[in-house]
Structures are given as structure tokens and as C-alpha cells.
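For reference, the structure is listed below as C-alpha cells.
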Amino acid sequence: MKKQDVDTYVGKRLRLRRTMMGLSQEAIAKAVGITFQQVQKYEKGANAMNANRLYEFAQFMHVPVAYFFEGLESSSGASGFAEEGEKFDHKSNTVSDRESLEIMKAFKRIKEQVIRKRLADLVRAVAENKALVD
């Protein structure tokens, strides 16, 4: 695995967490004392983060530093990233991170717990190709 692959993966995790929190690049940049352009470079993997910067982001975003590496496959000979047993090629993006985030954000806006549970059950059933039963 190349260094650039790791930087890109960590950047994607940074963008994922930032978006889940509903924060702009400018907001997190201000929180850690850098420019939003630098955040863009981190998120794209163009610039690598040092340990101190990674720790600052983790503290601000209320996640352990390990969050940024979750799902990173480190075995030699493999060049992709593992997500629940599947290969993930950071260049192809066949399943859009943005799509997933939009669904998650919409789901979080549903206030009625019963509806949220039923919707979650429906998604699980569709994903498992099963019929819903009351």
C-alpha cells in the first residue's frame, strides 16, 4: 500500500466525519487553527497530516485517532481498502460516500422513533433481500 493511499483514506474519513457532524471545512479549519484550503488538501489526500494535527481533529470531532484508520487494509500485496469484507477502491467510488451521507442525514431528521425503527427494518430487509413481517 502506498503512502498516498493512506493519506487519501484518512482524508476521506476526515470528510466523512465532518459531513456527518454538519460542519463546513471552514469551521473545522478554524477550530484547529488552519485554513480551509489546508482542510481541502487533507480531505483529498494531497497533503499528509502529522500526528499532532490528526490528534487535534480527533479531539475536536470527538472520535479516537483510530477512527481515521478504521477499515484500512494493511496487508501486503493488497492495494484497496476493506469495508466489511469487500474491496473498496478509493478511485472508483462505485458506492457514493455522498449518497450514504445524504441518506444518513435525512434519517436523522425523522423525529418519530417508531417511523425510524420501521424504516431501519425496511432497509435491513431490502439489503438482506427478505420480506418484511409484522
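The values are calculated or read from the model by the stated rules, or taken from the named source; none is laboratory data. Values in this document were obtained by computation on a predicted structure and should not be read as measured data. As a convention, Cβ positions derive from the backbone with ideal geometry for all residues, glycine included, and neighbour counts pool all protein chains shown. Calculation scope for accessible area: heavy atoms of the full protein, side chains included, ligands and nucleic acids excluded. Shrake-Rupley method; radii C 1.70, N 1.55, O 1.52, S 1.80 Å.
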- Task: Starting from the range 1-27, keep only residues that are closer than 17 Å to residue 48 by Cα and among the aromatic types (Phe, Trp, Tyr), then list their pairs with residues that are open to solvent by 40 Å² or more (accessible area, probe 1.4 Å) and modelled with pLDDT under 90 whose Cβ atoms are within a distance under 7 Å, requiring at least 6 positions of separation or different chains.
- Result: 9/72
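Based on what the data block shows, is residue 10 under 12 Å from the mean Cα position of the chain (by Cα) and open to solvent by less than 70 Å² (accessible area, probe 1.4 Å)? Talk me through it step by step, then tell me what you get.
On the way: under 12 Å from the mean Cα position of the chain (by Cα): yes; open to solvent by less than 70 Å² (accessible area, probe 1.4 Å): yes.
Taking the combined requirement at face value, the residue satisfies it.
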- Pairs only if they're at least six apart or on different chains, beta carbon under 8 angstrom, first in the range 107-129 and without any contact (Cβ under 8 Å) to a residue 60 or more places away in the chain, second among the β-branched types (Val, Ile, Thr) and open to solvent by 70 Å² or more (accessible area, probe 1.4 Å); list them, first residue then second. none
- Item | residue 93 at pLDDT 95 or above and under 20 Å from residue 7 (Cα atoms) | no
- Residues being surrounded by 17 or more Cβ atoms within 10 Å (Cβ to Cβ) and touching a Lys or Arg at 6+ places or on another chain (Cβ under 7 Å): count how many of those fall in the range 26-52. 2
- (1) open to solvent by 90 Å² or more (accessible area, probe 1.4 Å); (2) modelled with pLDDT under 85 all hold for residue 114 apart from (2)
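Quick grid of which residues meet (1) aromatic (Phe, Trp, Tyr); (2) modelled with pLDDT under 70; (3) loosely packed, with under 14 Cβ neighbours inside 10 Å:
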{"residue": "57", "(1), (2), (3)": "yes, no, no"}
{"residue": "64", "(1), (2), (3)": "no, no, yes"}
{"residue": "68", "(1), (2), (3)": "yes, no, no"}
{"residue": "79", "(1), (2), (3)": "no, yes, yes"}
{"residue": "83", "(1), (2), (3)": "no, yes, yes"}
{"residue": "105", "(1), (2), (3)": "no, no, yes"}
{"residue": "108", "(1), (2), (3)": "no, no, yes"}
